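The values are calculated or read from the model by the stated rules, or taken from the named source; none is laboratory data. Values in this document were obtained by computation on a predicted structure and should not be read as measured data. Heads up, the Cβs are rebuilt from the backbone with ideal geometry, glycines too, and the neighbour counts pull from every protein chain shown. In case anyone asks, the SASA skips ligands and DNA or RNA and just uses the protein heavy atoms, side chains included. Shrake-Rupley method; radii C 1.70, N 1.55, O 1.52, S 1.80 Å.
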Protein chains: 2
Amino acid sequence: MSANQSVGFVKPELIEFTAPLLLECGKTLPSYSLMVETYGTLNASKSNAVLVCHALNASHHVAGLYEGQEKSEGWWDNMVGPGKPLDTNRFFVIGVNNLGSCFGSTGPSSINPQTGKPYGADFPFVTVQDWVNAQARLADYFGIEKFAAVMGGSLGGMQALQWSLGYPDRVGHCMVIASTPKLSAQNIAFNEVARQAIVTDPDFHGGNYYEHGVVPKRGLRLARMIGHITYLSGDDMAEKFGRTLRNGDYNYGLEVDFQVESYLRYQGDKFADYFDANTYLLITKALDYFDPARHTGGNLAKALEAAKAKFLLVSFTTDWRFAPERTREIVEALMANQRDVTYAEIDAPHGHDAFLLTDERYHNVVRGYFERIAKELA
Amino acid sequence: MSANQSVGFVKPELIEFTAPLLLECGKTLPSYSLMVETYGTLNASKSNAVLVCHALNASHHVAGLYEGQEKSEGWWDNMVGPGKPLDTNRFFVIGVNNLGSCFGSTGPSSINPQTGKPYGADFPFVTVQDWVNAQARLADYFGIEKFAAVMGGSLGGMQALQWSLGYPDRVGHCMVIASTPKLSAQNIAFNEVARQAIVTDPDFHGGNYYEHGVVPKRGLRLARMIGHITYLSGDDMAEKFGRTLRNGDYNYGLEVDFQVESYLRYQGDKFADYFDANTYLLITKALDYFDPARHTGGNLAKALEAAKAKFLLVSFTTDWRFAPERTREIVEALMANQRDVTYAEIDAPHGHDAFLLTDERYHNVVRGYFERIAKELA
């Protein structure tokens, strides 16, 4: 076995659930499907399973490649594979596309069996809690009583945290990376501007654009551009782009002057070509809504009392979206409950996006933590 | 004389300039008008004039009220007036709406004399340097050889700095508040998203929306929402809004959940009702373009060699748009040239907007500095 191999070619699998799912909003989803990928082998005692939860625009495709598709590496391929920090020689890894997303699981663009048309605006606003409940049924499907670990970055970290609260006996370790116990007013504000860009796009048609044969691409493009600024640190943008001009001189017009403009337009265009606008709305709302301390008068320590898992938390110094201070709030609330907590604050220049990038110190922390989990399982 | 009076009712004046103005972009504006307000009395030696330069969305209406209009205070009314930090009992203050703006001075919505239609997309992209050149002609109009001070916040501070470089013998004191020697990649990125929101609004019509009888309000609204987030500090937003819900509970839909959303929508709507979209594009480009060190290989000290004025610089600790570090770059470059520099870093919670707000320590710094200027003039 050599280090850092790819899991190779992978194939997603669509799993159908016919039991109704009661959602936090009070509505019920009568049936639904989840798109899933798995890597590694589930052991006989089914004790080596790790659930990887995705953030806003990612999916079940965590690692590996699709045959015949160039550059089709999974979004956390640097983290998951044989010999990688989450070592698929030891662990059985599940990636799942969340309800409401647009990569194969039931969502706003799926056909509503009751109408024969895409759900569109009728798809319920699912939450982190709903995702975790759906994921728990996925665990049942695989016969997994307890995950060795549930892991995620950003919104994925919120799901990991919610697992520790909603299913305290079913999570051995909870790994929360570049996340926050709740969004700040500024976080919500950025999400809201992105949503307003989408819903005021004339092609949005109140969320039912599918039947009009259009997509609110203008809005999605702006939403992504806004998001992108918040994923990078100011220093990182300065380093990458600075004030470099695309054509050497100012054009005194609306064409691209600076490289950073060109980059943002490109990122926006690319995203608008593949992402679903209703999913964007739904997922940003799920981000805004997440707040475990909401029913404990804002007392996070009290909210986290239910957790039994051991915790790894990681934050990145230049992440101004979910700054280290936010992760430290979780650390302190867990310590107030005398939980087993490991916390690493990585001095990395890449802002929020750092959780997706290859950084030796960060990966070593995760690798070391999984080695500990492996020892506990042995 | 009691302290802190208003200048009272004021009236703007439109001043026409018939000599062509050669612009930085290479084009020439054959004639133009500037909307102006003045407060106080110009002394016999015309030595007590202070020019106040405005930022993105402000105007010539710096202080005082319009008769019969409630809440019509000028944008820096807390700073300018009898007994106020910039004391109109001592100084003759000029407020001028910049070229390309939309409050009376010649701009994209003005009639192009060559076509009889609004300029629209044909209005040239004027720059900070162009504004200052136009302001210098305004000084000529008033017979002012040398300003006691040129003063501005944010983009207004850039104009003050440009005055010290373009007309070093005509500025006694240069007062640069909450500003920067040049925009960062992140600053440009936010401006670019705002511009893209406007130009991709179907009502933009390539900038010639006037003749279509529409206004790209959707885009302007988004532009303002984005801008607004960058004017406030994260802490300030947390303090003002936190996660306060408008109706006490989540609505699991696209309606307003959080107060901060309501606030942003309101600010966006209000702005879209009065501001011109082409002006927004033009002014954000002027911000992006400002970079005195552009022709000195990035060496700001070398770029500022020309300045002869004495300087007051002020920054605010929680301003993440133009952080104190950016003002310190100017301070250091001036000190490298052994210029007379006063610098105050105000520990204020209100982010970039702090320069417009009443803060005793900040106002005392400005007041004290103007007392020094008054003594020099006496």
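Just a few scattered comments:
- Percent accessible area from carbon and sulfur atoms, chain B, protein chains only, probe 1.4 Å: 48 percent
- Both numbers refer to the Cα atoms of the protein assembly as shown; Rg and Dmax are 28.7, 97 Å.
- Mean-square fluctuations from a GNM of chain B, with a 10 angstrom spring cutoff on Cα atoms, peak among B:Gly152, B:Gly297, B:Gly74 at B:Gly297.
- Heavy atoms of the protein chains alone define the surface here; on that basis the range B:186-284 has 34 Å² accessible area per residue at 1.4 Å probe size.
- Estimated distance in nm for a label pair at B:Thr28 and B:Val214, the labels positioned 7 Å out from Cα along Cα-to-Cβ: 3.8 nm
- Note on the range B:62-115 and the range A:129-179: Cα centroid distance 58 Å, given to the nearest whole angstrom.
- Dividing the summed -39500 (n - 2.57) terms of all DSSP H runs of n ≥ 4 by the residue count of the protein assembly as shown sets its mean residue ellipticity at 222 nm at -10500 deg cm²/dmol.
- Those lysines that a straight Cα-Cα span of less than 30 Å connects to B:Lys270, excepting residues fewer than 8 apart in one chain: A:Lys182, A:Lys217, A:Lys285, B:Lys11, B:Lys71, B:Lys84, B:Lys117, B:Lys182, B:Lys217, B:Lys240, B:Lys285
- The value given for the range B:208-252 is a Kirkwood hydrodynamic radius of 13.5 Å, derived from the mean inverse Cα-Cα separation.
- Alpha-carbon spread of the range B:259-375, three principal axes, descending order, Å: 49, 37, 26
- Using 0.36 nm per residue and subtracting the Cα-Cα separation, the extra length available between A:Thr41 and A:Asn251 on full extension is 69.9 nm.
- Computed from protein heavy atoms with a 1.4 Å probe, the total accessible area buried between B and A is close to 4700 Å².
- Heavy atoms of B:His54 accessible to a 1.4 Å probe, total area in Å² rounded to 10: 0 Å²
- Annotation for B:Gly116, label-to-label distances across the other copies: 5.9 nm (shortest first, one decimal, point 7 Å from Cα along Cα→Cβ).
- Value of relative contact order over chain A, rounded to a whole percent, pairs C-alpha under 8 Å and six or more apart: 17 percent
- The range A:112-247: radius of gyration over Cα atoms, expressed as a fraction of 2.2 N^0.38 Å: 1.36
- Prolate/oblate/rounded call for the range B:160-239, Cα gyration tensor, a/c under 1.5 rounded: oblate
- Shown for A:Glu376: label points 7 Å from Cα along the beta-carbon vector, and their distances to the equivalent points in the other copies, 6.8 nm in ascending order.
- Reported value for chain A: 151 Å³ per residue, from the convex hull of its C-alpha atoms.
- Between B:Asn57, B:Asn247, B:Asn48, the GNM of chain B built on Cα springs shorter than 10 angstrom shows B:Asn247 fluctuating the most.
- Of the residues B:Tyr39, A:Tyr167, the one with the largest accessible area comes first in the ranking A:Tyr167, B:Tyr39, computed with a 1.4 Å probe on protein heavy atoms.
- Rg ratio for the range B:102-154: its Cα radius of gyration over 2.2 N^0.38 Å, N being its residue count, equals 1.41.
- Extension gain, A:Asn112 back to A:Lys375 (0.36 nm per residue minus Cα-Cα distance, nm): 90.1 nm
- Among the helices of chain A, those built from whole DSSP H runs whose Cα atoms reach 24 Å or more along their own axis and whose mean Kyte-Doolittle hydropathy is at least -1.0 are A:360-377.
- Among A:Gly107, A:Gly368, A:Gly157, residue whose mean-square fluctuation peaks in a GNM of chain A (springs only between Cα atoms under 10 Å): A:Gly368
- The ellipsoid that matches the Cα gyration tensor of the range A:1-96 has semi-axes, each √(5λ) in whole angstrom, of 27, 16, 12, with the longest given first.
- Full extension of the chain between A:Ala121 and A:Ile15 gives 35.8 nm of extra length, using 0.36 nm per residue less the Cα-Cα distance.
- For the range B:182-331, Kirkwood radius (reciprocal of mean inverse C-alpha pair distance, Å): 18.0 Å
- Separation of alpha-carbon centers, the range B:299-378 and the range A:186-215, rounded to whole Å: 42 Å
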